[in-house]
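Novice: Before I ask anything, let me first share the structure, which is written out below as structure tokens.
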Amino acid sequence: MGEDMSKHEDILKYIRGLREGSSLSVRQISGYMGVSLGTSYRAIKQAEQDGLVKTVERVGTFRIVQREVKSHGKIMFREVNRVIQGTVLSGDNYLDKEISRILIGAMQTEDLVKYLEPNGLLIVGNREKSQRKALENGVGLLITGGFGTGEEILKLAEEKQLPVISTTHDSFTCASIIHREVYSLSLSQNIVTAGSLMVKQEQYTIDINELGTEIHPEDKNMILLNGNRFVGAIRSKYLDEMTKDNYTSYLLPDYSAEEDTTLLSLRQIMSWHQLNIIPVVESGDYRGIVHRREVFKNISSRNLKSGMSTDQLIDREIKIDSNKINIRVMPFMADEYGSLSQANFMRLAERLILVVLQENDIHSYHIDTYNIMNFKIVQLYQEIELTGEIIDRGEQFIRLEIILNVQGTAYSKATFMIQHFNEK
């Protein structure tokens, strides 16, 4: 057992030493390290969990380097001041500090102290004793009720390099507004972007200095670089004709992604241009590529406060057939008027589109445009049936129609224009 663990650690050490973008496989590791296929497989799986490698279906496994991800889940004093429409009494230069904790000063000052922590924010009224104690502990102030504060408090805030903000709102309203903003910011952390999907692989790139030499392209399109500067994309079939002098006439219309390009944008670009890979470029520098199979694979949805995502709640109620779905309109699917919300109609439509297209062996697609006509209002607790049918199919586009029925009567009709990736 100890020997197996030693081999396991040796494989992980070897993987850590690989250059970013290096390909590896179970057989390759097994042959090079002289270990069993099972030991090699377990080590690679561990490396994947540790963020050392990334596996792309039907493409392979590569060494990756974890990059720092911008955090959008924490709120700054500046955002607080913006959302509560406050007035900065002191510390305008310190608004870009990140808030570690938010407290409401609805307790005795002596009890408040144990909850204070540096770079926190105290929401408090005109209680100078609590205000002073907060500043002494490195906590900024949000003074409610339209009150100001004394010169000594403002001087102390400047000494401690902390902001003091005043607002006309009461403490409860301020806390509610800030909570909504923090929740909104936290949602952005779940958004899938090109930066989280990209890998750096040299086999998909060509330097302009290599043009005119024998090149074996990895894909139908390749990425042309000048050092690490992104030049453009080219068709591999024209490589034999290209030189350093004429390559500009072979460059494709500019398509690339930035690290914060969202998943749906990637799907749209890759469907439109029929791409297997897309380069990620930041300020003209080549960062890596994103593979099509990473872009079009299913992405898990966000969780609600119940601990379950909306899709999971729908899954609990829905009945799916080859071209239709049946469900009862539940409260979480309704808007404030007690009718099926447009967002949840689209969620059901997207689910049905997935089923219909998979039945037709189409797995890589992007919804381009759609048109919805509502004939009647779908109300809470009504039993609804959505049917989907492909009414036209081209090389790159599909027209699909969805009809929502209640007891055999059409309530809504939607037509979708869908870009799909031609797998042939």
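The values are calculated or read from the model by the stated rules, or taken from the named source; none is laboratory data. In this text, all values refer to a predicted model and were calculated from it rather than measured experimentally. In this analysis, Cβ positions are derived from the backbone assuming ideal geometry, glycine residues included, and neighbour counts consider all displayed protein chains.
Each row is one residue, and each column tells you yes or no for (1) modelled with pLDDT under 85; (2) assigned by TED's automatic domain parsing to the domain that holds Asp260; (3) of a type in the set (Gly, Ala, Ser); (4) in contact with a helix residue (DSSP H, G or I) (Cβ under 8 Å, 6 or more places away or on another chain).
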{"site": "Ala43", "(1), (2), (3), (4)": "no, no, yes, yes"}
{"site": "Ala47", "(1), (2), (3), (4)": "no, no, yes, yes"}
{"site": "Ser90", "(1), (2), (3), (4)": "no, no, yes, yes"}
{"site": "Tyr94", "(1), (2), (3), (4)": "no, no, no, yes"}
{"site": "Leu121", "(1), (2), (3), (4)": "no, no, no, yes"}
{"site": "Lys133", "(1), (2), (3), (4)": "no, no, no, yes"}
{"site": "Glu136", "(1), (2), (3), (4)": "no, no, no, yes"}
{"site": "Gly148", "(1), (2), (3), (4)": "no, no, yes, no"}
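Novice: Sort out which residues of segment 1-52 are in contact with a His (Cβ under 9 Å, 6 or more places away or on another chain) and either loosely packed, with under 12 Cβ neighbours inside 10 Å or among the charged types (D, E, K, R) (or both), and write them in order of number.
Specialist: Answer for segment 1-52, where residues must be in contact with a His (Cβ under 9 Å, 6 or more places away or on another chain) and either loosely packed, with under 12 Cβ neighbours inside 10 Å or among the charged types (D, E, K, R) (or both): just Arg42.
Novice: Checking Ser166 against (1) assigned by TED's automatic domain parsing to the domain that holds Tyr247; (2) among the small types (Gly, Ala, Ser); (3) surrounded by 19 or more Cβ atoms within 10 Å (Cβ to Cβ), which test does it fail?
Specialist: Condition (1) is where Ser166 drops out.
Novice: Continuing with this model, one more query. Being of a type in the set (S, T, N, Q) and not in a helix (DSSP H, G or I) is the filter; apply it to segment 158-176 and report the residue that is farthest from Lys74 (Cα to Cα). Give the derivation first.
Specialist: To start, the set of residues in segment 158-176 that are of a type in the set (S, T, N, Q) comprises 161, 166-168, 171, 173, 176.
Of the ones still in play, those that are also not in a helix (DSSP H, G or I) are 161, 166-168.
Working: Gln161: 19, Ser166: 21, Thr167: 21, Thr168: 24 Å.
Within segment 158-176, the match that is farthest from Lys74 (Cα to Cα) is Thr168.
Novice: Hey, among Val59, Val80, which residue is aliphatic (A, V, I, L, M) and at pLDDT below 85?
Specialist: The unique qualifying residue is Val59.
Novice: Filter segment 398-422 down to the residues that are free of Cβ contacts under 8 Å to residues at least 60 places away in the same chain and surrounded by fewer than 14 Cβ atoms within 10 Å (Cβ to Cβ) and list them by number. Steps first, please.
Specialist: Our first condition is that a residue be free of Cβ contacts under 8 Å to residues at least 60 places away in the same chain; within segment 398-422, this holds for 398-411, 413, 415, 417.
Result: Gln407, Gly408, Thr409, Ala410.
Novice: In addition: Quick test of your reading of the structure: Thr369 fulfils all but one of (1) part of a strand (DSSP E or B); (2) without any contact (Cβ under 8 Å) to a residue 12 or more places away in the chain. Name the failing condition by number.
Specialist: Of the numbered conditions (1) part of a strand (DSSP E or B); (2) without any contact (Cβ under 8 Å) to a residue 12 or more places away in the chain, the odd one out for Thr369 is (2).
Novice: Same structure, new question: Being among the acidic types (Asp, Glu), out of contact with any His (no Cβ under 9 Å at 6 or more places or on another chain), closer than 21 Å to Arg19 by Cα and not in a helix (DSSP H, G or I): is that true of Glu218 here?
Specialist: yes
Novice: If we only count strands (runs of 3 or more DSSP E) wholly inside segment 50-157, which ones have 3 or more residues that are under 30 Å from Arg287 (Cβ atoms) and under 36 Å from the mean Cα position of the chain (by Cα)?
Specialist: 53-56, 60-63
Novice: Another question, if that's okay. Do you know which residues across segment 314-335 are in a loop (DSSP other than H, G, I, E, B) and closer than 19 Å to Ser412 by Cβ?
Specialist: Correct list: Ile318, Asp321, Asn323, Val329, Met330, Asp335.
Novice: State which residue is nearest to the chain's Cα centre (by Cα) when the search covers only segment 224-278 and only residues that are among the small types (Gly, Ala, Ser) and surrounded by 14 or more Cβ atoms within 10 Å (Cβ to Cβ).
Specialist: Going through segment 224-278, the residues among the small types (Gly, Ala, Ser) turn out to be 227, 232-233, 236, 249, 256-257, 265, 271.
From the residues that got through so far, the ones that are surrounded by 14 or more Cβ atoms within 10 Å (Cβ to Cβ) too are 232-233, 236, 256-257, 265, 271.
On the way: Gly232: 26, Ala233: 25, Ser236: 31, Ser256: 18, Ala257: 14, Ser265: 11, Ser271: 19 Å.
Of everything passing the filter in segment 224-278, Ser265 is nearest to the chain's Cα centre (by Cα).
Novice: Of all residues in segment 105-136, count the ones that are buried (at least 17 other Cβ atoms within 10 Å of the Cβ) and not small (Gly, Ala, Ser). Give the derivation first.
Specialist: Within segment 105-136, the subset buried (at least 17 other Cβ atoms within 10 Å of the Cβ) is 105, 112, 116, 120-124, 127, 130-135.
Pick out the ones that are also not small (Gly, Ala, Ser) and you get 112, 116, 121-124, 127, 131-133, 135.
Adding up the residues that qualify gives 11.
Novice: Can you tell which of Leu357, Leu386 is under 21 Å from Lys297 (Cβ atoms) and either assigned to a strand (DSSP E or B) or modelled with pLDDT of 90 or more (or both)?
Specialist: The unique qualifying residue is Leu357.
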